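This report concerns only the one structure given below.
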Amino acid sequence: MAVPRTYHLVTLGCPKNDVDSEHLERLLVGGELLPVLQPETADAIIVNTCGFIEQSQEQSMAAVRALAAGKRDGQTLIVAGCMTQLYAGEVRAEAPGIDHVFGVGQWQEVARLLSVDVDAVYDIPEHNAKVTGPSAYLKISDGCDAPCTFCVIPRIKGGLRSAPLGLLVKEARRLVAAGAKELVLVGQDTTAWGEDLGMPVASGLPGLLRALSEAVGPDTWLRLMYAYPSRVTPALIETMAALPNVVHYLDVPLQHGSEAVLRRMKRPHNVERVHAFVRELRAAMPDVVLRTSFIAGFPGETEAEFDELMAFAKATRFDHAGCFTYSLQQWTGAYEMPGQVPDEVKQDRRDRFMRQQQRISAKQATRFVGKTLPMLVEGIGDAEGQPVVAGRTYREAPEVDGLVFAEGQAQPGDRVLVRIEESGEYDLFGSLVPG
Ligand code: SF4
């Protein structure tokens with residue numbers, strides 16, 4: 001293989017994959033490889049795959065097949081990430097044009113394969129300046145020790161590995177120096193941070209938030225995603241409420257609202273406990289915005305259990321909630337469970353859930369009308385000749401929640417004030433406040 005000078009990187013899946021790809025790109029750019037937009041012009045094509053559920057596996061496979069089919073002589077096709085961690089042999093067999101396969105966490109090996117002297121470039125700061133837009137993800141841990149019976153991530157990523165505090169503070173400062181106005185904290189379970197470093201259960205994150213809050217300064221937002229329900233503690237709630245730059249927003253995937261189903265999922269099943277921390281969050285931060293996600297059609301789910309989920313979602317009134325159909329996944333506890341639910345029933349339940357949630361989200365959004373909020377601008381455009389901007393307030397996490405559209409002029413990356421005049425099911429509408 002001639003020494004490659006250009007690469008084209010395709011990243012699929014979740015924000016944690018985005019962070020891994022960014023890490024790989026820092027190594028490649030450090031090794032003086034140039035990124036190119038078109039796969040056909042690259043010396044090396046790299047795919048960072050997702051293997052979480054069947055749907056994402058199919059998307060990954062489709063992308064790999066297309067790139068393999070379009071590969072020209074002399075090009076190198078590398079496939080890595082979660083899908084190949086699980087199914088390296090099957091992926092190779094399905095796309096013969098693949099040259100190299102890697103699993104997860106092997107980014108240095110990929111870079112070495114492309115003739116990068118990894119040890120020489122690993123930590124050179126100027127190779128790190130890559131923040132596109134006002135936000136950046138900060139991956140605080142990887143892997144997971146939880147026993148959820150529908151989830152294959154522990155098999156893909158292994159057990160919990162928290163990034164050391166010093167490294168996270170340094171990375172946070174680097175991202176802010178590179179232009180980030182918001183850091184979105186991600187991991188499989190962010191609330192478990194530090195438990196593998198000897199910290200008592202659920203006690204590490206409040207301390208990490210305090211250290212990051214001080215390191216990035218009062219103007220940089222810190223947003224918490226992927227909290228685990230039984231680790232949403234009074235200490236965490238207090239810390240979120242006390243720190244000026246931790247936005248009053250929490251993403252806490254709950255997966256179901258029926259205790260019986262939660263038991264079969266091997267998830268925290270004390271539903272009253274969930275109601276309690278939701279009350280505590282709202283008492284400590286009356287403007288708090290809550291996001292969650294559920295699974296419809298878990299093996300054995302009866303209509304009555306689904307009704308419990310609907311009633312639970314109605315009672316808790318999450319601002320944002322997603323619902324996925326259960327995905328049969330090899331190597332998980334639920335794979336051979338009896339009572340697998342037919343696809344059309346799963347889909348029908350998911351659709352019924354989303355129709356109800358649309359009404360709840362729309363109602364929750366009305367409480368923002370009349371408010372003036374800081375907003376991060378992500379895009380600009382015009383409507384009937386009037387300049388408009390699109391972006392997010394503390395109410396919207398990147399890529400998963402709605403947007404705010406506002407009349408006025410600003411630039412991507414700007415932090416501005418917006419007066420909310422109208423609300424939709426997911427989006428808010430208003431005008432920029434001249435400042
Ligand atoms: S906590 Fe999340 S990542 Fe961990 S096993 Fe459960 S669903 Fe999977």
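Across segment 373-387, which residue is nearest to HIS248 (Cα to Cα) among those that are over 27 Å from the mean Cα position of the chain (by Cα) and not acidic (Asp, Glu)? Going through the qualifying residues, I end up with PRO387. Scanning segment 301-320 for residues that are within 22 Å of MET337 (Cβ to Cβ) and surrounded by fewer than 15 Cβ atoms within 10 Å (Cβ to Cβ) yields THR302, GLU303, ALA304, ASP307. When LEU27 is tested against (1) open to solvent by 50 Å² or more (accessible area, probe 1.4 Å); (2) at negative phi, just one condition goes unmet, and that condition is (1). If you go through segment 242-254 and keep only what is open to solvent by less than 40 Å² (accessible area, probe 1.4 Å) and more than 16 Å from the chain's Cα centre (by Cα), you end up with LEU243, ASN245, VAL246, VAL247.
If you go through segment 40-98 and keep only what is β-branched (Val, Ile, Thr) and loosely packed, with under 13 Cβ neighbours inside 10 Å, you end up with just THR41.
Yes/no per residue for (1) touching a strand residue (DSSP E or B) at 6+ places or on another chain (Cβ under 8 Å); (2) within 11 Å of the ligand (Cβ to nearest atom); (3) not assigned by TED's automatic domain parsing to the domain that holds THR393:
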position	(1), (2), (3)
GLY143	yes, yes, yes
MET199	no, no, yes
PRO206	no, no, yes
LEU209	yes, no, yes
ALA215	no, no, yes
ARG223	yes, no, yes
TYR228	no, yes, yes
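Quick check, is ALA235 on the phi > 0 side of the Ramachandran plot and among the hydrophobic types (A, V, I, L, M, F, W, C)? For ALA235, the condition - on the phi > 0 side of the Ramachandran plot and among the hydrophobic types (A, V, I, L, M, F, W, C) - is not met. Answer with yes or no whether LEU168 is more than 9 Å from the ligand (Cβ to nearest atom), aliphatic (A, V, I, L, M) and open to solvent by less than 10 Å² (accessible area, probe 1.4 Å). For LEU168, the condition - more than 9 Å from the ligand (Cβ to nearest atom), aliphatic (A, V, I, L, M) and open to solvent by less than 10 Å² (accessible area, probe 1.4 Å) - is met.
For THR239, the test of being more than 22 Å from CYS14 (Cβ to Cβ), of a type in the set (Ser, Thr, Tyr) and at pLDDT 95 or above is passed.
Taking the criterion of being of a type outside the set (D, E, K, R) and closer than 18 Å to ARG367 by Cβ, the residues of segment 418-435 that qualify are VAL418, ILE420, SER423, GLY424, TYR426, LEU428, PHE429, GLY430.
The values are calculated or read from the model by the stated rules, or taken from the named source; none is laboratory data. Since we're looking at a predicted model, the values are computed, not measured. Cβ atoms come from the backbone with ideal geometry, glycine included; neighbour counts cover every protein chain shown. We work out accessible area using only protein heavy atoms, side chains counted, and drop any ligands, DNA or RNA first. Shrake-Rupley method; radii C 1.70, N 1.55, O 1.52, S 1.80 Å.
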